[in-house]
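Asker: This is the structure I want to talk about, given as structure tokens.
The values are calculated or read from the model by the stated rules, or taken from the named source; none is laboratory data. Keep in mind that what you see is a predicted model, and the values were worked out from it rather than measured. Cβ sites come from the backbone with ideal geometry, for glycine too, and all protein chains shown count toward neighbours.
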Amino acid sequence: SAVISQKPSRDICQRGTSLTIQCQVDSQVTMMFWYRQQPGQSLTLIATANQGSEATYESGFVIDKFPISRPNLTFSTLTVSNMSPEDSSIYLCSVELGQVGLEQYFGPGTRLTVT
Amino acid sequence: DAKTTQPPSMDCAEGRAANLPCNHSTISGNEYVYWYRQIHSQGPQYIIHGLKNNETNEMASLIITEDRKSSTLILPHATLRDTAVYYCIVLRTGGSQGNLIFGKGTKLSVKP
């Protein structure tokens, strides 16, 4: 397994501002993922972040809104830009481990409220 | 990837076995069945996965029917801490599994 931490754990932000969320893993991993969980909903994948390459975004998510950095094999950041109340969600990072049938391990999440 | 169907909620008495069903009638031969759970205010937690044989680990057992169209996650002795939403997910093998498609899952309530 892996130990994953996220900062901040929660934040309240004003409309129009940006927030950068950090994800730290205790081991080197190739694949890292960022998910969003809107209130009362299941998780939705935002993007996949491989070290040394551009992040791959899912349909409905764009780099200008959710820029991602992956500077090394243990760290990634997700920025939520020009926030609106609709961005109020829990943001989670995860990493992929294991051999055949790869398992994902999730961080505790960052609870974002936009006012 | 195959879709899954789960009951929206279930109750279980503490200390008893919790049996959570999942229907995946359109599963393909190279697709695994994964189970995750999400305890309130936490990130999802990987539980177990399998292809066609039954699997057991320290957390749970996974029983997959012979035709692979359904499966059951078994928590042998449920505790109050097992109260969570349980997600059954079907994924192809090979390469990154990346996009875990989380449906609505089953909300399991373990009661004293």
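Asker: Quick one: in the stretch A:62-96, of everything that is over 12 Å from the mean Cα position of the chain (by Cα) and of a type in the set (A, V, I, L, M, F, W, C), which residue is surrounded by the most Cβ atoms within 10 Å (Cβ to Cβ)?
Answerer: Filtering the stretch A:62-96 for residues that are over 12 Å from the mean Cα position of the chain (by Cα) and of a type in the set (A, V, I, L, M, F, W, C), the one surrounded by the most Cβ atoms within 10 Å (Cβ to Cβ) comes out as A:Met83.
A quick yes/no check of all residues on (1) out of contact with any helix residue (DSSP H, G or I) (no Cβ under 7 Å at 6 or more places or on another chain); (2) closer than 20 Å to A:Glu103 by Cβ; (3) within 13 Å of chain B (Cβ to nearest Cβ):
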| residue | (1), (2), (3) |
| --- | --- |
| A:Thr17 | yes, no, no |
| A:Thr20 | yes, no, no |
| A:Cys23 | yes, yes, yes |
| A:Ser27 | yes, yes, no |
| A:Phe33 | yes, yes, yes |
| A:Ser42 | yes, yes, yes |
| A:Thr48 | yes, yes, yes |
| A:Gly52 | yes, no, no |
| A:Gly60 | yes, no, yes |
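Asker: Counting just the residues of the stretch A:105-115 that are assigned to a strand (DSSP E or B) and out of contact with any Pro (no Cβ under 8 Å at 6 or more places or on another chain), which one comes out modelled with the lowest pLDDT?
Answerer: Here the answer is A:Tyr105.
Asker: Further question on the same structure: Cβ-Cβ under 6 Å, sequence separation 6+ or interchain: first residue in the stretch B:34-52 and facing chain A (nearest Cβ under 7 Å), partner among the small types (Gly, Ala, Ser). Which pairs?
Answerer: Note: pairs meeting the criteria are B:Gly43/A:Gly107; B:Gly43/A:Gly109; B:His49/A:Gly101.
Asker: Please go through the stretch B:1-51 and pick out each residue that is at positive phi and of a type in the set (Ser, Thr, Tyr).
Answerer: Answer for the stretch B:1-51, where residues must be at positive phi and of a type in the set (Ser, Thr, Tyr): just B:Ser41.
Asker: Related question: Filter the strands (runs of 3 or more DSSP E) completely within the stretch A:1-84 down to those with at least 2 residues that are modelled with pLDDT under 95 and under 21 Å from B:Gln38 (Cβ atoms).
Answerer: Once the strands (runs of 3 or more DSSP E) in the stretch A:1-84 are filtered for at least 2 residues that are modelled with pLDDT under 95 and under 21 Å from B:Gln38 (Cβ atoms), what remains is A:31-37, A:43-50.
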